[in-house]
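To keep things clear, I will list the structure first and then write my remarks on it.
A short reminder: the numbers here are calculations on the coordinates, not readings from a lab. Being a predicted model, the structure only gives us computed values, none of them experimental. Note: ideal-geometry Cβ built from the backbone for every residue, glycine included; neighbour counts use all protein chains shown.
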C-alpha cells in the first residue's frame with residue numbers, strides 16, 4: 001500500500017539513518033519493507049500499513065490504527081525488522097541524539113545534539129535552520145510539522 005492512501009491519523013515511526021543511503025540500498029530496503037508490511041499483523045489481523053524512504057535518509061513506517069491498533073508484539077516485530085536493516089546495511093537507526101537538519105546548500109546532515117547547539121551558538125546555524133522533528137506521531141503531523149525551523153521546534157528552548 002502507498003502511504004499516501006492512508007489517513008492523516010495513521011501512526012508513524014521514523015527511523016533516521018546515520019548516513020545517506022545509496023539508491024541501490026534504498027531499493028533493497030523498500031523491497032524488504034514491502035515484504036515486512038505484507039506480513040505485518042497484530043494478534044493475527046493484518047495492519048493497513050506502508051513503508052517509505054524519504055530523502056535517502058529516513059525510513060518511515062505508517063499504520064492506520066483507525067482500522068486495527070498496533071499491538072506491543074507488532075511494534076516489537078517492526079523494531080526487529082529495523083534492527084535487521086541496520087545490520088544488513090551497516091547503519092544506525094536508533095541513535096536519537098543525532099539531529100538531522102538541512103544545511104545552507106540544502107543537503108541533509110546530522111550532528112549530535114551537543115554539536116548542533118554549539119553550531120547554533122557560533123552562528124553557523126540559526127533559528128531558521130530546518131531540522132527534522134522525528135517526534136511527530138501521525139502522518140498528518142509529519143506532513144505539517146516534520147521539517148521545521150529550529151525556532152518552531154522542540155529545540156527552541158534547549
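Using Cα pairs under 8 angstrom and six or more residues apart, how large is the relative contact order of the range 98-157, in percent? It rounds to 29 percent for the range 98-157. Averaging 1/r across all pairs of distinct Cα atoms in the range 98-157 and inverting the result yields a Kirkwood radius of 11.6 Å. Note: relative contact order over the range 7-89, using C-alpha pairs below 8 Å and six or more positions apart, is 36 percent. Structural size metrics of the chain, computed from C-alpha coordinates, are Rg and Dmax of 16.3, 53 Å.
Would you calculate, for the chain, the mean residue ellipticity at 222 nm contributed by helices, counting each DSSP H stretch of 4 or more residues as -39,500 (n - 2.57) and dividing by all residues, to the nearest 500?
Calculated at 222 nm, the ellipticity per residue is -10500 deg cm²/dmol.
From the square roots a ≥ b ≥ c of the eigenvalues of the alpha-carbon gyration tensor of the range 7-89, which class results: rounded (a/c under 1.5), prolate (a/b over b/c), or oblate? Prolate is the answer for the range 7-89, as a/c is 1.5 or above and a/b outweighs b/c.
For the chain, what is the relative contact order in percent, using Cα pairs closer than 8 Å and at least 6 residues apart in sequence? Averaging sequence separation for qualifying contacts and normalising by length gives 25 percent for the chain.
At full extension, residue 84 and residue 156 could sit 22.5 nm farther apart than now, given 0.36 nm per residue minus the alpha carbon distance. Taken as Cα centroids, the range 28-65 and the range 120-148 sit 23 Å apart, rounded to the nearest whole angstrom. As a calculated quantity, the FRET efficiency between residue 95 and residue 41 at R0 = 35 Å, using C-beta atoms, amounts to about 0.75.
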